[in-house]
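Presented below is the structure to which this report refers.
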Amino acid sequence: MNSVGRSWLLLTGFVLFYVIYLLFGALMFSSIERPVEDKLRQDMEALKQEFLNQSCVNSTSLELFLVKVLTANKYGVSVLGNSSVTSNWDLTSSMFFANTLVTTVGYGQSTPLSDTGKAFSIVYALIGVPFTMLVLTACVQRIMCPLVLVPVRLLQRSGMEPRPATFVHFLLLLLVVVVCFFVVPAAVFSSVELSWSFLDGIYFCFISLCTIGLGDFVPGTQPGQKYRQLYQVTVMVYLFLGLMMMYLLLRTFHKMADLHGLTTFLQLPHCDESDLEDDREPIVEGKREDQAPPCQTEKKASKHLKPGSQPTYNTINSG
């Protein structure tokens, strides 16, 4: 198997291991937090019945009741009769929590109830956050050629100069990201989440893909929502793809700014040769072989490529 095949195989293995890691986290969080949540629900129900059975309620009892109710509500357990009885720590919800943890979105709608869960969250995130960044970087490197280098080269072949070509390409890429990862998802969220407006959907997409995660809008938390588990899995896929495209957009803007001299003007770091090498050689590539990359299949594999012979964002005008 050649290096390109090994590279794609390793990338596929990374993605599969990422999903397995999320499932592992879901199982661990569910097994740790689900019993604590069930006990808290039972305590809240007993407290509610005790409160209702009292013939006379004094100030101390009322304050104690409210403190316990508000504390339980903080962890997603409500005493209201019309609240959802769905656990916040079933397998799908636990996987959703694990996903928001390793992507650093962290909505905060569910938080560990036990000390064991908090300790496991630290260890899980310590491994999961850098691994998620590794997977996102590997995926972005794979799509840089078809979504950035090739379109810029096509614009130049149509007669455009390098700088206008890169600027037009960035605007087109920005438009695609806004439509596909903000406008369309916002319309879907506003139709699925009955209490959300279209602006709320846009707001949620922006807060999520910028990894701010305020938690005031969280999908899949309405009582009696149909296909809740499938909905949460779909949101997880959206978050991963959205973060990948945001990362691609930032890298494209950085390279465009470097080509236009904006980084020099603002005294910002340049896309040096080591950074450009990231786009030429995938991070998951195995042992190097003397063959051309996918973007230049017309070159013979036996030739040793010169450092500037492959198409990059700053050398796209060559040839």
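Check the range 109-128 and report whether any residue there is of a type in the set (Phe, Trp, Tyr), crowded, with 18+ Cβ neighbours inside 10 Å, assigned by the TED database to the domain that holds residue 239 and at pLDDT below 90.
No, the conditions are met nowhere in the range 109-128.
Can you find a residue in the range 175-182 that is in contact with a Phe, Trp or Tyr (Cβ under 9 Å, 6 or more places away or on another chain) and at pLDDT below 95? Give the steps one after another, and end with the answer.
First, the residues of the range 175-182 that are in contact with a Phe, Trp or Tyr (Cβ under 9 Å, 6 or more places away or on another chain): 181-182.
Still in the running and at pLDDT below 95: none.
No - not one qualifying residue is present in the range 175-182.
Mind telling me which of the residues 231, 203 ends up being closer than 26 Å to residue 97 by Cβ, in contact with a Gly (Cβ under 7 Å, 6 or more places away or on another chain), surrounded by 15 or more Cβ atoms within 10 Å (Cβ to Cβ) and not hydrophobic (A, V, I, L, M, F, W, C)?
Working: 203 fails: in contact with a Gly (Cβ under 7 Å, 6 or more places away or on another chain).
When all the criteria are applied, what remains is 231.
What is the one condition in (1) modelled with pLDDT of 80 or more; (2) in contact with a Phe, Trp or Tyr (Cβ under 9 Å, 6 or more places away or on another chain); (3) surrounded by fewer than 15 Cβ atoms within 10 Å (Cβ to Cβ) that residue 57 does not satisfy?
(1)
Might you let me know whether the range 185-198 holds any residue that is over 19 Å from the mean Cα position of the chain (by Cα), closer than 21 Å to residue 260 by Cβ and not charged (D, E, K, R)?
Checked against the condition, which is being over 19 Å from the mean Cα position of the chain (by Cα), closer than 21 Å to residue 260 by Cβ and not charged (D, E, K, R), the range 185-198 yields no hits at all.
Only one residue in 152, 140, 168, 148 is under 24 Å from residue 99 (Cβ atoms) and either touching a residue at least 24 places away in the same chain (Cβ under 8 Å) or open to solvent by 30 Å² or more (accessible area, probe 1.4 Å) (or both), so which one is that? Break it down into steps so the answer makes sense when it comes.
Working: 152 fails: under 24 Å from residue 99 (Cβ atoms); 168 fails: under 24 Å from residue 99 (Cβ atoms); 148 fails: under 24 Å from residue 99 (Cβ atoms).
Residue meeting the stated conditions: 140.
One residue is enough: does the range 1-18 have a residue meeting the conditions buried (at least 17 other Cβ atoms within 10 Å of the Cβ), under 24 Å from residue 115 (Cβ atoms) and in contact (Cβ under 8 Å) with a residue 60 or more places away in the chain?
No, the range 1-18 contains no residue that is buried (at least 17 other Cβ atoms within 10 Å of the Cβ), under 24 Å from residue 115 (Cβ atoms) and in contact (Cβ under 8 Å) with a residue 60 or more places away in the chain.
Out of curiosity, is residue 177 surrounded by 14 or more Cβ atoms within 10 Å (Cβ to Cβ), of a type outside the set (S, T, N, Q) and farther than 14 Å from residue 219 by Cβ? Working first, answer last.
Working: surrounded by 14 or more Cβ atoms within 10 Å (Cβ to Cβ): yes; of a type outside the set (S, T, N, Q): yes; farther than 14 Å from residue 219 by Cβ: yes.
Here the answer is yes, as residue 177 does meet what is asked.
Are there any pairs, at least 6 apart or on different chains, whose C-beta atoms fall under 7 Å, with the first in the range 30-45 and touching a residue at least 40 places away in the same chain (Cβ under 8 Å) and open to solvent by less than 50 Å² (accessible area, probe 1.4 Å) and the second assigned to a helix (DSSP H, G or I) and not hydroxyl-bearing (Ser, Thr, Tyr), and if so, which?
30/91; 32/117; 32/120; 33/117; 40/72
Suppose the filter is modelled with pLDDT of 95 or more and in contact with a helix residue (DSSP H, G or I) (Cβ under 8 Å, 6 or more places away or on another chain); does residue 201 pass it? Spell out how you get there, then give the answer.
Values: modelled with pLDDT of 95 or more: yes; in contact with a helix residue (DSSP H, G or I) (Cβ under 8 Å, 6 or more places away or on another chain): yes.
Spelling it out, residue 201 is indeed modelled with pLDDT of 95 or more and in contact with a helix residue (DSSP H, G or I) (Cβ under 8 Å, 6 or more places away or on another chain).
Tell me yes or no: at least one residue of the range 76-89 is of a type outside the set (Val, Ile, Thr), modelled with pLDDT under 75 and open to solvent by 90 Å² or more (accessible area, probe 1.4 Å).
Start the filter on the range 76-89 by keeping residues that are of a type outside the set (Val, Ile, Thr), which leaves 76, 78, 80-84, 87-89.
Among the residues that remain, those that are also modelled with pLDDT under 75 are: 76, 78, 80-84.
In the following step, the residues that additionally are open to solvent by 90 Å² or more (accessible area, probe 1.4 Å) were identified as 80, 82.
Within the range 76-89 (the criterion being of a type outside the set (Val, Ile, Thr), modelled with pLDDT under 75 and open to solvent by 90 Å² or more (accessible area, probe 1.4 Å)), the answer is yes, since at least one residue qualifies.
The values are calculated or read from the model by the stated rules, or taken from the named source; none is laboratory data. Since this is a predicted model, take the numbers as computed values, not measurements. Here Cβ is always computed from backbone atoms with ideal geometry, including for glycine, and neighbour counts include all displayed protein chains. Ligands, DNA and RNA are stripped out before the accessible areas are found, and what is left, the full protein with its side chains, is counted by its heavy atoms. Shrake-Rupley method; radii C 1.70, N 1.55, O 1.52, S 1.80 Å.
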